[in-house]
């Protein structure tokens, strides 16, 4: 099933950035971005740690001059995105921009070819970083120092303006409480337009999430 409250992207300029207070922040620790749009400020919550989890993994992906399947050309504000390949939605495992070793249109016709494809994919597999909350926050802050426009992909708040689930939203174990929201082409991310014009993405996932999923977003 897809995310319960939908999926999309908010585009705008950075109004404020601040981490959660050290105490009393709930089950997950966030980096908070207030994104200014013509329709008001959207509060975006990026998970950087969890009290009852094994922490968060992250990586920074350079996207170059990509137009994010047309998303980079959209006006500032919130935009709903269909969970499909051509809508502008992100998929950590299937988007060529995010996963250079991925061949989304590849059709397996021979088991030997599948082994070759997996080996080639492993050579190009992106490297995920696993460190402290402070290190994750430092990487986010570094991106925000060199930005002129912000794109935050994820699930919209049900109350007020905001975006959460700004991380991988597929591959959760079938026995976990989050497996019901597994789905493809609905991953969250922070993407910034750098002053030089290129795009850079901050991606996050949990160690328990699979790096291969089926067409429903469940672990393959």
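Bear in mind these aren't lab numbers, they're just calculated from the coordinates by the rules spelled out. The structure presented is a predicted model; accordingly, all values stated were derived computationally and were not measured. Note that each Cβ is placed from the backbone with ideal geometry, even for glycine, and that neighbours are counted across all protein chains shown.
When ranked by the protection proxy of mean other Cβ atoms within 10 Å per residue, highest first, what sequence do the peptides 80-90, 60-70, 163-173 form?
Descending mean neighbour count gives 163-173, 80-90, 60-70.
Does anything in segment 62-97 have its amide N under 13 Å from the 7 Å Cα→Cβ label point of residue 15, and if so which residues?
Answer for this model: 77-78.
Measure off 7 Å from each Cα along the Cα-to-Cβ vector at residue 79 and residue 208, then give the distance between these two points in nanometres to one decimal.
About 3.4 nm, to one decimal.
Neighbouring Cβ atoms within 10 Å as the yardstick, rank 18, 29, 7 fewest first.
18, 29, 7
Describe numerically, in nm with one decimal, the distance between label points set 7 Å from Cα along Cα→Cβ at residue 220 and at residue 67.
Modelled inter-label distance: 2.9 nm.
Rg and Dmax of segment 136-220 over Cα atoms: what are they, in angstrom?
14.6, 45
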